[in-house]
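Here's the structure, in structure tokens; my notes come after.
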Amino acid sequence: MEQKVNLLIAGRPFQLKANSADMEQSMRQAADDINRMLDRYTAKYPDKDLVEILLFVTLTQTVYKYDAIKKCNQLTAEGAKLAGDLSEYLKKTEPDR
């Protein structure tokens, strides 16, 4: 069921739609993360305008995303290798039929 979600990001209201309660929760968490990062960057770089700070936030979040994808790919590869190793081990320990 689609539901409206009202978010405040960088002091600006946004009305979005979420397809599930999980999506709504993720949207709210993302907005909170963005606002916290905006606050940190604004305090660290008070001379920068909002667009520059939003670019810092976007870059940081995108780097986190690519790092997470890379780690997921590594874990997937490790899991596949372990599954293969386990399969080979089990083949060796099973009596011939």
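A few remarks follow.
- Taken over the stretch 1-15, the criterion of being open to solvent by 90 Å² or more (accessible area, probe 1.4 Å), assigned to a loop (DSSP other than H, G, I, E, B) and of a type outside the set (D, E, K, R) is satisfied by M1 alone.
- Cβ pairs under 9 Å, 6+ apart, first in the stretch 6-19 and closer than 11 Å to A31 by Cα and touching a residue at least 24 places away in the same chain (Cβ under 8 Å), second part of a strand (DSSP E or B) and open to solvent by less than 70 Å² (accessible area, probe 1.4 Å): L7/L16
- Exactly one residue out of A18, A83 is surrounded by 11 or more Cβ atoms within 10 Å (Cβ to Cβ), small (G, A, S) and modelled with pLDDT of 95 or more, and it is A18.
- Subset of the stretch 21-51 (residues that are surrounded by 15 or more Cβ atoms within 10 Å (Cβ to Cβ) and within 13 Å of the chain's Cα centre (by Cα)): M23, M27, A31, I34
The values are calculated or read from the model by the stated rules, or taken from the named source; none is laboratory data. Computed from a predicted model, the values in this text were never measured in an experiment. Reconstructed Cβ throughout: ideal geometry from the backbone, glycine too, with neighbour counts over all protein chains shown. The protein model used for the area step is the full one, side chains on, heavy atoms only, and it has no ligands, DNA or RNA in it. Shrake-Rupley method; radii C 1.70, N 1.55, O 1.52, S 1.80 Å.
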